[in-house]
């Protein structure tokens, strides 16, 4: 599974969340209202994902820097 | 002593679970004398009789439906005060404000209908706030104020008060959804991946790096998809089955 495909998968997930948010906008209480532990679980997973994706971004950036440096030498 | 404190902390945590602690914020209205050194007068909470140069009116529970909240106060002198509105909590889930009035009269740009290009509201000072223009979202008109991302966020503006004058401050407020918070946080990961793909695409030699499978990331995405399915009942097909956590 390439980063490009993973990015697309995250976009699908965001769209699905947004659709659910719109569907449930009329509910008095929003989702996970009394489930802070679940809220924290999901937030932690997202933070982990953000960290891994940031590491990948930095790896690619460093590779680009080294490649350009080699080209100059 | 330390052991006792640990037991007390555990007890409080378990009580929170029993009584269903919430992760959603309330709203706090905080009127303050703008310069207490210059204007030596106090504000009076008309409900409790409490006097201070800085009052706090808290409403702990917001729902997804707009609701008007009212607070009555008076001033014991003439001068300038700040009217500050912010979340009561961690600021992890957005809250929305609209139609801020004093004695039934809208404050200048109290409906947040005027909007600067950068999302700020003319007439208001704001920190981590943004005007959102969506007629389906606003209580009245096209726009409302969205506060998000920090417990210290808020909007405030100054007002001249006169000694003995009673003021009823009222405003509409509602909470956003945890799903907004999740989508916003996930946007950062999407941006990282987007940038990695773009950089790799711009340099031929790098494309191969970005095309390599990344099992760690894939496993993480699947774990999130699984949580979403189990806890939120929102299903999205997982990425390849070999990337599931054991």
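The values are calculated or read from the model by the stated rules, or taken from the named source; none is laboratory data. Please read these numbers as outputs of a predicted model, since none were measured by experiment. Here the Cβ positions follow ideal geometry from the backbone for every residue, glycine too, while neighbour counts run over all protein chains shown.
Counting residues in region B:94-101 that are closer than 26 Å to residue A:28 by Cβ, outside any strand (DSSP E or B) and touching a helix residue (DSSP H, G or I) at 6+ places or on another chain (Cβ under 8 Å) gives one or more. The single condition from (1) modelled with pLDDT under 90; (2) at the interface with chain B (Cβ under 7 Å from one of its Cβ atoms); (3) in a loop (DSSP other than H, G, I, E, B) that residue A:6 fails is (3). Scanning region A:27-58 for residues that are more than 17 Å from residue B:230 (Cα to Cα) and surrounded by fewer than 16 Cβ atoms within 10 Å (Cβ to Cβ) turns up A:27, A:28, A:47, A:51, A:55, A:58.
When region B:75-110 is limited to residues that are within 14 Å of chain A (Cβ to nearest Cβ) and crowded, with 16+ Cβ neighbours inside 10 Å, the one that is modelled with the lowest pLDDT turns out to be B:91.
Filtering region B:202-246 to residues that are at pLDDT below 85, surrounded by 12 or more Cβ atoms within 10 Å (Cβ to Cβ), part of a helix (DSSP H, G or I) and more than 9 Å from every other protein chain (Cβ to nearest Cβ) leaves only B:207. As for region B:105-127, it holds no residue that is touching a residue at least 60 places away in the same chain (Cβ under 8 Å) and over 15 Å from residue B:156 (Cβ atoms).
Note on region B:21-74: among residues that are in a strand (DSSP E or B) and within 14 Å of chain A (Cβ to nearest Cβ), the one that is farthest from residue B:151 (Cα to Cα) is B:67.
Rundown of residues vs (1) modelled with pLDDT of 95 or more; (2) more than 26 Å from residue B:168 (Cβ to Cβ), yes/no style:
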| residue | (1), (2) |
| --- | --- |
| B:112 | yes, no |
| B:129 | no, no |
| B:133 | no, yes |
| B:140 | no, no |
| B:143 | yes, no |
| B:152 | no, yes |
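Residue A:34 satisfies every condition listed in (1) within 7 Å of chain B (Cβ to nearest Cβ); (2) modelled with pLDDT of 90 or more; (3) out of contact with any helix residue (DSSP H, G or I) (no Cβ under 9 Å at 6 or more places or on another chain) except (2).
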